[in-house]
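Since the structure comes first, as structure tokens, the remarks are kept for the end.
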Amino acid sequence: VSRQLKEEIRRGFARLEDPLAGLLAMLESSSDWKRKGHSLGYCITTELQLWIKEHPAVPQSGTKLKKLQARVLGMLSQCPANLLDPLISIYQLHTADRNCLLEHVSHLYLQGDYKEAAILSIKLKLQPDQDVEKMCTPLLLQDKTNLVEDYVGEYPELQRKLLQTLDTWCDPSFNIRDITRPYQGLSRYKPEKFNRRVLSKLVFRLLERFNVDPALCPNVINQRHLRTLNYLFYKRFVEKTMTEENWADHIQSTVGENRWLQGHLVQALLRHCGARGAARWAPRCRVPPDMLPRAVAAELQRLRIQDRVEEVTEADSYEDSKKKDYYQLPIPRENIHFLQTWEETLQCWEKVLQPGQVVGVDMEWKPSFGTVGKPRVALLQLALKDEVFLLDLPRLLQQAEAEGEREKLPCFIQMLYSDAAITKLGYGMSGDLSSLAATCSALKDTEKQMQGVVDLLAVDKQVDGLSPEHSHEERGARQAEKGLSLLVQHVLGKPLDKTEQLSNWEKRPLREEQVLYAASDAYCLLEIYERLCKDPESFGLGSDLTESLVGKQSKKPRAKKQLNKQEAPSPSGQECHGPRTEPSRPPAPISPREFSVVCDNMLQGLGRYLRCLGVDVRLLDNEDDHRKAAEIARQEGRVILTSGLPYQTLRSQVGEGRCFSVSCSEKAKEQALQVLKHFNVQVSLGDIFSRCQ
């Protein structure tokens with residue numbers, strides 16, 4: 001608004017005997033102010049608001065004001081959001097008769113203006129005199145959860161009432177249609193956004209935002225624990241990727257003394273283990289005897305399981321012969337130190353905080369399985385060349401708090417991360433530091449201050465197409481590697497044993513398997529870094545890897561950032577090595593029927609897509625070695641399509657241009673377009689589905 005217009009508006013107010021009545025008359029006689037944005041009516045209203053503050057002598061009380069307030073109330077339902085606050089301020093609606101305000105909001109509600117009724121209630125702070133369930137239900141049906149959160153935001157009692165209401169709706173026996181039935185004709189009604197799954201997510205978000213005790217919402221919490229219980233049974237008895245001790249720890253902490261969950265636990269034990277297995281597990285899982293079915297109780301008595309030495313099941317036997325399949329710590333066990341006192345930790349500091357030191361950093365926390373709040377770090381691992389330190393963070397923080405020196409640990413961690421002379425290695429550091437900040441608020445800015453950090457997740461993304469290598473036959477049905485374990489497998493030859501990953505890291509003492517797992521997770525970072533720095537080209541990385549990683553690395557590494565821009569992958573997806581030659585002319589166009597390929601086993605989706613387009617495709621089976629692709633390519637004259645590290649091996653076994661690397665991060669369609677463009681394959685309508693699928 002121009003200065004000239006503002007001055008003219010203010011001169012007009014000064015000439016009026018009653019500026020408040022004058023503004024109201026102007027608004028009532030026009031509709032300009034009803035539109036969104038900075039209308040002339042909005043400009044005049046806001047200028048009057050400022051003018052009144054400068055001229056407090058303007059009469060604003062008594063019967064006259066009450067009459068003006070009554071007129072303003074009638075206009076508020078048509079007001080754009082930016083006019084509400086100025087009008088409420090000018091006409092002091094917070095001083096108006098409360099019953100009159102509530103009646104007006106009720107009128108808006110009955111007209112179906114639920115959003116407007118809620119916004120006005122918030123502005124006038126009417127919520128304590130309203131029914132929170134009644135006001136919020138239509139808003140939830142319209143997916144206006146942000147407005148619902150604002151409505152209860154300043155009132156803890158209303159927050160609890162809302163959460164209890166939502167929890168009641170999440171009871172499996174509750175019929176949600178009883179809630180939705182009165183609002184069948186509701187405009188902008190989104191029934192797909194109103195179900196138990198969505199409501200339970202909202203409950204967890206509100207519990208965290210308002211810091212309310214989860215015990216207030218037993219239905220939602222029980223259902224979440226039941227999902228955790230089912231997941232734990234899947235990990236233990238289907239995937240078979242969780243040890244007996246690990247599983248029993250989580251079952252006990254999930255079920256506790258909740259009889260409803262104990263009942264579900266018994267049923268799950270019977271389904272997965274039978275009566276005999278359930279009898280063996282029940283005492284370990286602390287199921288009360290009176291909860292056991294007759295068959296299980298009889299089996300329990302017959303076996304006298306409490307007095308018997310438990311046999312280790314076949315699923316738990318971790319034979320030494322299988323250890324050769326996994327990465328093993330190259331340092332002796334006595335060089336792994338579990339630190340619980342400040343005296344021990346000081347010795348760790350002296351070794352870690354040395355200029356030129358390279359430190360592998362990792363953290364562990366108890367799996368949340370979807371519970372409320374961010375995870376709190378239970379163990380901080382610091383690996384040096386010859387030893388690993390495991391810091392018991394909860395114990396050390398508790399000890400520092402008792403001694404009135406709570407800043408000691410944060411000070412050490414900040415010194416470590418901010419010292420550019422110390423190289424810190426991590427994998428997905430952003431997530432670790434987020435959990436660290438949740439554990440100790442003094443560390444919330446650590447990520448902004450860190451220097452000399454190498455996040456090997458960036459390397460994982462750069463070594464494009466790190467795809468699961470299929471196990472040796474003796475590994476059986478073990479899960480395909482991923483994340484850090486996959487990077488360790490590609491760089492060091494063997495994956496990490498992730499059996500203890502989902503351990504209860506808060507339980508003390510740690511089991512020996514947990515200690516070795518935690519030490520390995522941090523120490524392997526040192527070995528990966530050393531190997532990559534010695535021979536970056538063999539992993540498709542730039543020769544100046546060390547400089548590009550440690551030199552002027554951004555403080556928050558981005559997953560997709562190129563580590564070495566000079567040797568970035570070319571648009572075709574091929575890794576570029578050495579000096580570039582002049583680009584050759586594109587190959588002559590060919591039809592899909594003339595193009596035959598063999599797809600490596602991580603590209604089966606691409607293979608099926610190309611086959612739909614009429615390309616002659618052979619797919620490697622999951623158990624096939626990558627080298628089989630070269631054998632087929634040579635025998636049948638096919639082009640190899642692969643990704644990541646296998647490309648380095650396979651391209652040397654076939655003629656030039658007969659091996660092509662695509663990005664595993666792309667979807668099959670994008671991969672196919674990349675291949676067709678590179679080899680100049682022209683697809684016609686007749687080619688599509690011309691081959692048997």
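Accessible surface of residue 361, taken over heavy atoms with a 1.4 Å probe and every protein chain present, rounds to 10 Å². Couplings 3J(HN,Hα) for segment 417-431, derived from phi with the Karplus relation 6.51 cos²θ - 1.76 cosθ + 1.60 (θ = phi - 60°), are 6, 8, 8, 5, 7, 10, 8, 9, 9, x, 9, x, 5, 4, x Hz, where x marks Gly and Pro. Please work out the Cα center distance from segment 59-99 to segment 341-364, rounded to the nearest Å. Comparing the Cα centres of segment 59-99 and segment 341-364, I get a distance of 64 Å.
Bridgeable lysines around residue 34 (alpha carbons under 27 Å apart, same-chain partners fewer than 8 residues away excluded): 6, 53, 64, 66, 67, 115, 123, 125, 144.
R0 = 35 Å: FRET efficiency of residue 85 with residue 434, Cβ-based, nearest 0.05?
0.45
Using a 1.4 angstrom probe on heavy atoms only, work out the carbon and sulfur share of the accessible area of segment 3-183 in %. That share works out to 50 percent. Placing unit charges on the Cβ atoms only, positive for Lys and Arg and negative for Asp and Glu, gives segment 220-304 a dipole magnitude near 200 debye about its Cα centre. DSSP bridge analysis restricted to the chain gives an antiparallel fraction near 30%, rounded to the nearest 5.
Net charge dipole, the chain: roughly 2460 debye, given to the nearest 20, about the Cα centre with Cβ charges of +1 for Lys and Arg and -1 for Asp and Glu. At a probe radius of 1.4 angstrom, the accessible area of the chain per residue rounds to 52 square angstrom. Sequence neighbours fewer than 8 away in the same chain don't count; with that in mind, list the lysines whose C-alpha is under 22 Å from residue 482. Those lysines meeting the cut-off are 235, 240, 322, 323, 324, 366, 461, 494, 498, 560, 561, 667. Between the listed residues 589, 215, 176, the Cα displaced farthest toward the positive end of the dipole of the chain, a dipole computed from Cβ unit charges relative to the Cα centre, is found at 176. Straight Cα distances below 20 angstrom link residue 134 to the aspartates and glutamates 103, 113, 116, 143, 149, 150, 154, 157, 167, 171, 178, with same-chain residues fewer than 8 positions distant left out. With angles folded into 0 to 90 degrees, how steeply does helix 156-169 sit against the dominant principal axis of the chain? Use alpha carbons for both and round to 10. Result, in degrees: 60. Positive end of the dipole of segment 220-304 (Cβ unit charges, origin at the Cα centre): among 229, 281, 298, the Cα lying farthest that way belongs to 298. When the charge dipole of the chain is built from unit charges on Cβ atoms (+1 for Lys and Arg, -1 for Asp and Glu) and taken about the Cα centre, the candidate among 132, 353, 524 whose Cα reaches farthest toward its positive end is 132. Rounded to the nearest 500, the 222 nm mean residue ellipticity of the chain from helices alone is -14500 deg cm²/dmol, with -39,500 (n - 2.57) taken per DSSP H run of at least 4 residues. Which entry in [x] 171; [y] 282; [z] 396 matches volume of the Cα convex hull per residue in Å³ derived from the coordinates of this structure? The calculated read-out lines up with [y].
The values are calculated or read from the model by the stated rules, or taken from the named source; none is laboratory data. For clarity, every value in this text was computed on a predicted model and none was experimentally measured. FYI the Cβ positions are ideal-geometry reconstructions off the backbone, even for glycines, and counts take in every protein chain you see. For the accessible areas, the whole protein counts, side chains as well, though only heavy atoms, and no ligand, DNA or RNA atoms are used. Shrake-Rupley method; radii C 1.70, N 1.55, O 1.52, S 1.80 Å.
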